[in-house]
Amino acid sequence: MQDVDSVAMTIASNEYQRRIQQAQAAAGRVDQTPVILGTGLTLMLTAAAAALAVLWPTRTSVFWVFAAILSLSAGLFTVLVLYRDFVARVTLTDAEKAQTRLRNYFVSRAPEVEPYLSDTIYDDWPTPFNNPWRSKTFAAWLVLAAAASIFLGGAVTFAAESAAPRSDAGVFAAGFAVAGLSMWLLTMGLVRMARRRARLDRPLFPRPDPPSPPT
């Protein structure tokens, strides 16, 4: 029996170390999100400024087409960055949950170590998936969704401006409509993915309820 327990603890310890490495890699990907987004949008903005200097005002219609293409590219790029960050956060949460459950296992085998642990042994803590509207991570995703929507709406506005430069009211109406629709679709998509993820990740070791006070 002692050998079986020793083998089980060794396997659990190795798995814990693997999950630590997985969490570190996923956290690195999450931390890269602002850098990737900022670098990509800066390059696109630089290209737009260069096009403005070359094409304006001699070939304004060509500039608006170029601006529409860049704005569409920026919108799609932001959506891809948002999805990348969502996937990285899923991986990070999986690794953190696995570490929590393994700590619970360690405590079940050696209860005397629990007072010395700095992290929880219960896996019902809030995440961006089971508690999205109170999560700073989910709020950041909504900011990225809003940025992508603005770019997509701008793409429609610029394209309409190149086709009908005098219909300002219709141009801006089309842009606002596309931006609003994009924001709604992206928000609903995030909510649905978060809910699906929360259903797949139900707690295995919830925090026990506090004892009832004596009556």
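When restricted to residues that are of a type in the set (D, E) and either closer than 19 Å to A140 by Cβ or outside any helix (DSSP H, G or I) (or both), the range 13-44 contains 1. Being modelled with pLDDT of 95 or more, among the small types (G, A, S) and out of contact with any Leu (no Cβ under 8 Å at 6 or more places or on another chain): is that true of A88 here? It is true that A88 is modelled with pLDDT of 95 or more, among the small types (G, A, S) and out of contact with any Leu (no Cβ under 8 Å at 6 or more places or on another chain).
One line per residue, one yes/no per condition, for (1) in contact with a helix residue (DSSP H, G or I) (Cβ under 6 Å, 6 or more places away or on another chain); (2) without any contact (Cβ under 8 Å) to a residue 24 or more places away in the chain; (3) part of a helix (DSSP H, G or I); (4) over 21 Å from T33 (Cβ atoms):
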position	(1), (2), (3), (4)
L52	no, yes, yes, yes
A68	yes, no, yes, yes
V79	yes, no, yes, no
A88	yes, no, yes, no
T91	yes, no, yes, no
R101	no, no, yes, yes
D119	no, yes, no, yes
T127	yes, no, no, no
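Only one of the numbered conditions (1) of a type outside the set (D, E, K, R); (2) closer than 24 Å to L92 by Cα; (3) open to solvent by 50 Å² or more (accessible area, probe 1.4 Å); (4) modelled with pLDDT of 90 or more is not met by L200, and that is (4).
Just one residue in the set S149, S135, S182 is within 30 Å of D94 (Cα to Cα), hydroxyl-bearing (S, T, Y) and touching a Pro at 6+ places or on another chain (Cβ under 7 Å); that residue is S135. Scanning the range 170-192 for residues that are within 19 Å of G75 (Cβ to Cβ), under 17 Å from the mean Cα position of the chain (by Cα) and either of a type outside the set (S, T, Y) or at pLDDT below 95 (or both) turns up M183, W184, L185, L186, M188, G189, L190.
Count of the range 1-49 residues, restricted to those that are more than 27 Å from L82 (Cα to Cα) and of a type outside the set (V, I, T), is 13. Here the condition is being without any contact (Cβ under 8 Å) to a residue 40 or more places away in the chain and assigned to a loop (DSSP other than H, G, I, E, B); of R202, R196, it holds for R202 alone.
Being within 30 Å of V156 (Cα to Cα), surrounded by fewer than 18 Cβ atoms within 10 Å (Cβ to Cβ), modelled with pLDDT under 95 and hydroxyl-bearing (S, T, Y) is the requirement here; does T10 meet it? No: the conditions fail for T10. Within the range 103-117, the set of residues being aliphatic (A, V, I, L, M) and in a helix (DSSP H, G or I) comprises V107, V113.
The values are calculated or read from the model by the stated rules, or taken from the named source; none is laboratory data. Because the structure is predicted, anything quoted here is derived from the model rather than measured. No Cβ is skipped: glycine too gets one built from the backbone with ideal geometry, and neighbour counts run over all protein chains shown. All accessible areas refer to the heavy atoms of the entire protein, side chains included, with ligands and DNA or RNA removed. Shrake-Rupley method; radii C 1.70, N 1.55, O 1.52, S 1.80 Å.
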